[in-house]
Amino acid sequence: MNHLAHLFLAPDSPEARVGSLLGDFTRGVDLTALPHTVRLGVRHHLAVDSFTDKHPDVLASKRLFSGQRRKFAGVALDVLYDHFLLRHWSEFTDADQNTFIRDVYTELQANEDLMTPDMSRATRHMVSHDWFGSYRSLDNIGYALDRVAARIRFQNSFAGIINEIRPLHSELEDHFLSFFPDLQEFAGGIE
């Protein structure tokens, strides 16, 4: 899952939400030195990723991509799932979407002291460029995926993956709508 979904599913505290993002930035981090609630968020992140990677609907979605891009399908789906979460927000929560995003941005800014330098830089960029708001647009999803492709250090065919996503959009969305309630239930039970 990508950043918005991790924050959405995280235990309900600012520190746990920071930990839920820190799960992508743990290289070289002494997790035992982190506050308990942040560690809980990191564990939550890892459990959510593990559940997601094994879910039949996610596996079926990955198989829809061409052989040359299937290697990157998981990364593409992570970002695309944030798009689908935003599109179907009211099916999963009564919370106001804009309020949630604004509150999360505020929490992340207020808790930079709990972040690695890499996470802090990424979070500042996320907030200043309103990544979550931009994910409402499929064109912006394509732009975000191309930015990821540009950071890959080996020759790849990831750039332009949005051109494979567009004709598969409805089918991928159906898989998401089948998968996400299962993930939400699983995430709610993580201790």
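The values are calculated or read from the model by the stated rules, or taken from the named source; none is laboratory data. Computed from a predicted model, the values in this text were never measured in an experiment. FYI the Cβ positions are ideal-geometry reconstructions off the backbone, even for glycines, and counts take in every protein chain you see. These area figures cover heavy atoms from the full protein model, side chains too; ligands, DNA and RNA do not enter into them. Shrake-Rupley method; radii C 1.70, N 1.55, O 1.52, S 1.80 Å.
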Report task. Those residues that are free of Cβ contacts under 8 Å to residues at least 60 places away in the same chain and loosely packed, with under 15 Cβ neighbours inside 10 Å, I need them from region 92-101; list them, please. Result -> 94, 95, 96, 98, 99
Query raised in the report: Just to be sure, is residue 102 under 28 Å from residue 188 (Cβ atoms) and among the basic types (Lys, Arg)?
Result: yes
Query - Pick from region 14-45, criterion within 18 Å of the chain's Cα centre (by Cα) and among the β-branched types (Val, Ile, Thr), ranking: surrounded by the fewest Cβ atoms within 10 Å (Cβ to Cβ) - result: 26
Requested in this report: Kindly provide the set of residues from region 77-86 that are among the charged types (D, E, K, R) and open to solvent by 10 Å² or more (accessible area, probe 1.4 Å), ordered by number.
Outcome: 78
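Quick grid of which residues meet (1) at pLDDT 95 or above; (2) of a type outside the set (D, E, K, R):
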{"site": "5", "(1), (2)": "yes, yes"}
{"site": "12", "(1), (2)": "no, no"}
{"site": "28", "(1), (2)": "no, yes"}
{"site": "31", "(1), (2)": "no, yes"}
{"site": "35", "(1), (2)": "no, yes"}
{"site": "51", "(1), (2)": "yes, yes"}
{"site": "63", "(1), (2)": "yes, no"}
{"site": "69", "(1), (2)": "no, no"}
{"site": "73", "(1), (2)": "no, yes"}
Report task. Considering (1) closer than 27 Å to residue 168 by Cβ; (2) without any contact (Cβ under 8 Å) to a residue 12 or more places away in the chain, say which one residue 78 fails and leave the rest. Result -> (2)
Query - Filter result for residue 158 (outside any helix (DSSP H, G or I) and either of a type outside the set (Ser, Thr, Tyr) or under 17 Å from residue 83 (Cβ atoms) (or both)) - result: yes
Query - Selection from region 115-126 of residues that are open to solvent by 30 Å² or more (accessible area, probe 1.4 Å) and either within 17 Å of residue 19 (Cβ to Cβ) or touching a Ser or Thr at 6+ places or on another chain (Cβ under 9 Å) (or both) - result: 117, 118
**Report entry** Candidate set from region 58-76 (those that are crowded, with 19+ Cβ neighbours inside 10 Å and small (Gly, Ala, Ser)); member that is nearest to residue 150 (Cα to Cα)
**Finding:** 76
**Report entry** All positions within region 102-114 that are of a type in the set (Ser, Thr, Tyr) and open to solvent by 30 Å² or more (accessible area, probe 1.4 Å)
**Finding:** 106
Report summary line: Expected single match for touching a helix residue (DSSP H, G or I) at 6+ places or on another chain (Cβ under 9 Å), more than 19 Å from residue 118 (Cα to Cα) and polar (S, T, N, Q) among 13, 50 is 13
Query raised in the report: Quick one: which of 139, 130 is of a type in the set (Asp, Glu) and under 17 Å from the mean Cα position of the chain (by Cα)?
Result: 130
